[in-house]
Amino acid sequence: MTKESINDGGPAFPTPAGIQHNDGPTMRDLFALGALPVAWKAYESFAVIGDNANQELAKAAYQIADAMLEAREAKP
């Protein structure tokens, strides 16, 4: 998946009208940050952390964030 094809949910924080804000966190980043403790507990409890624990946890957090973004867009 290329960076261009990832739904980032847009900026996490509002910006004044007419100002382009591309440097701050996205909704995807914010969701991943919130999911990180959950990912840590899941990996910790199953004792599956390997040699690349940081990358595994980051990927898991972003996978949860992607699912959250998808759920936001789902029609009820």
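The values are calculated or read from the model by the stated rules, or taken from the named source; none is laboratory data. Note that this is a predicted model, so its numbers are computed, not measured. Every residue, glycine as well, gets a Cβ built from its backbone with ideal geometry; the counts of neighbours run over all protein chains shown. In case anyone asks, the SASA skips ligands and DNA or RNA and just uses the protein heavy atoms, side chains included. Shrake-Rupley method; radii C 1.70, N 1.55, O 1.52, S 1.80 Å.
Of note:
- Count of residues meeting criterion [open to solvent by 50 Å² or more (accessible area, probe 1.4 Å) and within 17 Å of Leu57 (Cβ to Cβ)] in the range 22-37: 6
- The residue that is modelled with the highest pLDDT, among those in the range 32-67 that are part of a helix (DSSP H, G or I) and acidic (Asp, Glu), is Asp66.
- Search result, residues across the range 54-65 that are closer than 16 Å to Asp8 by Cα and open to solvent by 50 Å² or more (accessible area, probe 1.4 Å): Lys59, Tyr62, Gln63, Ile64
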